[in-house]
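*Asks:* The structure is given below, and queries will be raised subsequently.
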Amino acid sequence: MQRLLVVKNPVSRARRWVKRLNFWYLGARVTKHLGAQQFTAWLLERALRAQPQRQELHLEAGRFYLRLGQLEKAAWHCRRFNPSVNGENFAHWLESTCRAPDGVFLGDRLAMLAVLGNWYLQAGEYRKALECFRQVTGGGRVHATILNNKGLCLLRLGQDEAALAEFRQAAALKVTPEILVNMGLALNRLGRWPEALESYERAQRLRFSSPELLINKGYALFQMRRYEEARLCFEMVRSLSPTDITVLNNLAACYQMAGRFDAAAECYTAALRYFPHDGVLHNNYALCLVRQKAYHEALSHYDRALELDPGSETFLANKAECLTRLGRFDEALAICDLLLRRAPENRFFWGLKADVLAAAGADAEAVEHYNRALGLTG
């Protein structure tokens, strides 16, 4: 039995193919594989201008901008093929898509998770960011940048030892100044000052410098009692950021340790001009004034610090010591009793009260309180 075959008109099929042909899009696909990102973006925009309704073009643009980390542009294009997507729910939609079985339609799932992790990291959503980065490394994508970002999340979450382990692993893959600085910060927080200093100096040997590096290096040097070197670090940063409260406070501390109280006072007064409502600054300035025997002025700053933070035991203890130097023993003892009611097992407070009693001439009582401070009596 013979069968009649009908052949479609090849001319009309060719016309439809030519009509859908978009040379801008073809060029963008080529340049994307060549790594020419800026040119690829320009070609994609021209392709979309020529055929703005083609969903696959918007899908390609969404994938492209996702890989670049430009989430706002990616969201705009993704909405063209999924109207439910908008700027408010894009991160949630992207996260759900990454976990869905058909999520690969957006491209490299692990690359998308890395971009999403960066987004959450910058937004301060450290637990969400950490989860994204863990999925990336769990999927076999172990890059220095991903490990560094995992470390930053852990650092923000207070997991300093775990953060240090991530930074060390990142540095083993690729040593960059940024990773070394982050490693130093973790070591600073762990109190491992010499190792932290070595990390900062390794970063500097790679011709890297930044205010953050100098501040943290200065802090490590200060803890190692290398006050002159620490002062130089803080002075360099102050030349760039003359109103930075951390720099001014730390620089003043260096001057105090060197006995340069006038220079320290200048730093504190400069800081208080910009941050008059910072209790720590008032407290630290008062300590400097006590060293200069300006007790009445110091007391006014302790009072101001306590106005700003009435519950601070440090401020109260320092005020009691200042009152003692002014011979106002009853007021100082009242503060000591308040502190001991709050923390009866605190040996420092027992020692403080003993100092006040000794200064007031109550030697027998002072001895008893010194024994309590040393843990010799119950």
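The values are calculated or read from the model by the stated rules, or taken from the named source; none is laboratory data. On a predicted model such as this, the values are computed, not experimentally measured, just so you know. For neighbour counting, all protein chains shown are included, and Cβ atoms are generated from backbone atoms with ideal geometry for every residue, glycine included.
*Asks:* Which one of these is closer than 26 Å to V280 by Cα and among the acidic types (D, E): E228, E178, E195?
*Replies:* Only one candidate qualifies: E228.
*Asks:* Could you tell me which of the residues R291, R328 is within 29 Å of A264 (Cα to Cα), at pLDDT below 95 and among the charged types (D, E, K, R)?
*Replies:* Values: R328 fails: at pLDDT below 95.
Only one candidate passes the filter, namely R291.
Okay, residues lined up against (1) over 21 Å from S300 (Cα atoms); (2) of a type in the set (D, E); (3) in contact (Cβ under 8 Å) with a residue 12 or more places away in the chain:
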position: F315; (1), (2), (3): no, no, yes
position: F329; (1), (2), (3): no, no, yes
position: I335; (1), (2), (3): no, no, yes
position: F348; (1), (2), (3): yes, no, yes
position: D355; (1), (2), (3): yes, yes, yes
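*Asks:* Which members of the range 285-320 meet the condition of being under 25 Å from A354 (Cβ atoms), outside any helix (DSSP H, G or I) and either in contact with a Gly (Cβ under 7 Å, 6 or more places away or on another chain) or among the small types (G, A, S) (or both)?
*Replies:* Within the range 285-320, G311, S312 meet the criteria.
*Asks:* Continuing with the same structure: Name the one entry in A252, A317 that is at pLDDT 95 or above, of a type outside the set (D, E) and closer than 28 Å to L232 by Cα.
*Replies:* So the residue among A252, A317 that is at pLDDT 95 or above, of a type outside the set (D, E) and closer than 28 Å to L232 by Cα is A252.
*Asks:* Output the residues belonging to the range 357-378 that are without any contact (Cβ under 8 Å) to a residue 24 or more places away in the chain and among the small types (G, A, S).
*Replies:* Residues satisfying the conditions are A358, G361, A362, A364, A366, G378.
*Asks:* Same structure, new question: Looking at (1) crowded, with 18+ Cβ neighbours inside 10 Å; (2) within 15 Å of E178 (Cβ to Cβ); (3) touching a Leu at 6+ places or on another chain (Cβ under 8 Å), which one does N148 not meet, given that it meets all the others?
*Replies:* (3)
*Asks:* Of the residues K128, K150, which is under 22 Å from E212 (Cβ atoms) and either among the basic types (K, R) or touching a residue at least 40 places away in the same chain (Cβ under 8 Å) (or both)?
*Replies:* After applying the criteria, what remains is K150.
*Asks:* Kindly provide the set of residues from the range 137-184 that are of a type in the set (D, E, K, R) and part of a helix (DSSP H, G or I), ordered by number. Steps first, answer last, please.
*Replies:* From the range 137-184, those of a type in the set (D, E, K, R) are 141, 150, 156, 160-161, 166, 168, 174, 178; that's our starting set.
If the condition is that a residue be of a type in the set (D, E, K, R) and part of a helix (DSSP H, G or I), then K150, R156, D160, E161, E166, R168, E178 are the ones that fit.
*Asks:* Still on this model: Answer yes if at least one residue in the range 321-331 is within 37 Å of the chain's Cα centre (by Cα), in a helix (DSSP H, G or I) and more than 20 Å from H277 (Cβ to Cβ), and no otherwise.
*Replies:* Yes, the conditions are met somewhere in the range 321-331.
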